[in-house]
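Some notes on the structure that comes next.
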Amino acid sequence: MGGNHSHKPPVFDENEEVNFDHFQILRAIGKGSFGKVCIVQKRDTKKMYAMKYMNKQKCIERDEVRNVFRELQIMQGLEHPFLVNLWYSFQDEEDMFMVVDLLLGGDLRYHLQQNVHFSEGAVKLYICELALALEYLQRFHIIHRDIKPDNILLDEHGHVHITDFNIATVVKGAEKASSMAGTKPYMAPEVFQVYVDGGPGYSYPVDWWSLGITAYELLRGWRPYEIHSATPVEEVLNMFKVERVHYSSTWCKGLVALLKKLLTKDPESRLSSLGDVQSAPYLADMNWDAVFEKALTPGFVPNKGRLNCDPTFELEEMILESKPLHKKKKRLAKNRSKDGTKDSCPLNGHLQQCLETVRKEFIIFNREKLRRQQGPSGQLLDAEGRAGGQAPGKLQDGRNNNMPGHACSGGCSS
């Protein structure tokens with residue numbers, strides 16, 4: 001009987017905030033620019049998720065707290081079939097946590113590196129699914145700014161999901177962002193122009209350019225322009241002026257026409273909305289309701305017999321990580337038992353101030369609890385354009401009231 005009791009899922013108080021102890025850590029599966037990702041299982045419901053965790057001190061030192069808060073603020077107001085959706089966010093003394101949909105199909109970059117050949121049919125469906133996601137973001141005045149194969153995950157059936165909102169931005173209608181962000185190989189010409197001479201700024205069309213670059217790379221195995229992260233901006237702009245994109249003679253004319261319109265250098269003439277894409281002759285036969293419902297079978301389905309990611313992530317976590325996640329509980333208990341201060345460091349006082357600011361301003365989120373409060377009618381999606389019913393008001397004005405205050409701005413980077 002004792003054994004039977006030990007296998008019963010724990011019961012947590014519905015009013016208790018979700019925390020690290022509510023999850024069982026299964027394995028590490030990846031790392032991003034300032035966070036790591038592992039597979040977790042919620043102890044009470046047994047549901048599986050991906051958990052991204054970011055060390056507070058490292059984020060402060062690298063001046064990345066604002067990006068984390070921006071990503072949290074944006075994601076808590078979104079839910080869509082082709083996004084990686086946020087379920088919970090919480091914190092402890094060391095880390096900030098984001099628990100999101102678990103997608104075991106791997107990212108498109110991984111499959112490109114595995115020399116997967118994506119057929120025209122597969123990429124055609126990807127374009128449609130991503131177009132629905134971009135239109136949804138546009139309705140919330142959001143520019144993702146980093147659409148690329150690395151940030152597009154596949155579920156086990158092969159459907160795409162956009163992730164990584166840490167450099168996304170919120171704009172007011174036609175207002176245009178004026179800062180440079182994103183990965184160079186996927187950035188639109190107008191972004192580079194802003195960097196050189198201020199330019200007129202850029203807006204939603206930058207994501208549709210990135211969609212075109214991504215689709216081209218999936219089909220051909222390389223990008224249309226030989227641009228790398230280290231390529232000088234002036235060289236990139238010259239490339240746009242003098243080089244022509246070469247389309248494969250084996251691709252159908254309709255596909256080439258669509259890619260040309262996505263890769264139009266003038267943002268005013270570029271396809272940059274769902275309506276624009278839907279009007280392309282190449283997509284005239286698409287059943288968009290079926291696309292949204294994931295009723296169409298993707299042309300590529302990831303291997304279900306293995307984890308579609310680099311296996312070295314787990315080894316790094318186990319061997320190289322100085323503060324491994326699976327030892328967190330003991331480590332925090334030990335730290336809490338100490339009543340002395342840490343070693344004296346010139347930045348220690350300022351760092352403590354920054355850590356306290358992060359603790360106070362961190363955005364706690366629980367979609368499960370939110371759904372219980374809203375009831376059956378509290379869906380975030382509506383029927384019109386699949387665009388969502390819970391319009392997060394604080395996103396609409398382009399301001400983030402949950403950003404860390406002056407105590408942490410700029411001065412925390414060493």
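What follows is calculated from the coordinates using simple rules that are stated; it is not laboratory data. These figures come from a predicted structure and were not determined experimentally. Please note: Cβ atoms are built from the backbone with ideal geometry, for glycine as well, and neighbour counts cover all protein chains shown.
At-a-glance table
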{"read-out": "Packing-based order for 349-359, 146-156, using average beta carbon neighbours within 10 Å, highest first", "value": "146-156, 349-359"}
{"read-out": "Lysines whose Cα lies under 28 Å from that of Lys304, excluding same-chain neighbours fewer than 8 positions away", "value": "Lys31, Lys36, Lys42, Lys46, Lys47, Lys52, Lys124, Lys148, Lys294"}
{"read-out": "³J(HN,Hα) computed for each position of segment 135-143 - Karplus, 6.51 cos²θ - 1.76 cosθ + 1.60, integer Hz, glycine/proline x", "value": "4, 4, 4, 4, 5, 9, 6, 10, 9"}
{"read-out": "Dipole magnitude (debye, nearest 20) for segment 182-302, charges at Cβ of Lys, Arg, Asp, Glu", "value": "340 debye"}
{"read-out": "Loop-located trypsin sites (Lys or Arg not before Pro) in segment 79-173 whose Cβ has at most 16 other Cβ within 10 Å (DSSP)", "value": "Lys172"}
{"read-out": "Per-residue Cβ neighbour rank within 10 angstrom, fewest leading, His22, His161", "value": "His22, His161"}
{"read-out": "Backbone N under 16 Å from the Leu26 label point (7 Å along Cα→Cβ), restricted to segment 43-70", "value": "43-52"}
{"read-out": "Residue exposure sequence - His80, His157, His246, His144 - by fewest surrounding Cβ within 10 Å", "value": "His246, His157, His80, His144"}
{"read-out": "Segment 4-146 shape via C-alpha gyration tensor axes, a/c threshold 1.5", "value": "prolate"}
{"read-out": "Ranked by how many other beta carbons lie within 10 Å on average, peptides 299-310, 263-274 from highest", "value": "263-274, 299-310"}
{"read-out": "Assigned charges on the beta-carbon of Lys, Arg, Asp, Glu; segment 108-292 dipole about Cα centre (debye)", "value": "320 debye"}
{"read-out": "Dipole of segment 108-292, positive end: most advanced residue of Trp222, Trp288, Ala131 [Cβ charges, Cα centre]", "value": "Trp222"}
{"read-out": "Likely footprinting exposure, Phe12, Phe97, fewest C-beta neighbours within 10 Å first", "value": "Phe12, Phe97"}
{"read-out": "For Gly106, distant residues with modelled amide H under 5 Å away", "value": "Leu154, Asn308"}
{"read-out": "Theoretical FRET efficiency, 1/(1+(r/R0)^6), r = Cβ-Cβ of Val245 and Glu14, R0 60 Å, to 0.05", "value": "0.65"}
{"read-out": "Cα gyration tensor category, rounded, prolate or oblate, for segment 76-116 with a/c compared to 1.5", "value": "oblate"}
{"read-out": "Average Cα contact separation per residue, segment 108-292, under 8 Å, 6 or more apart, as relative contact order %", "value": "23 percent"}
{"read-out": "Cα gyration tensor shape for segment 108-292, rounded if a/c is under 1.5, else prolate or oblate", "value": "rounded"}
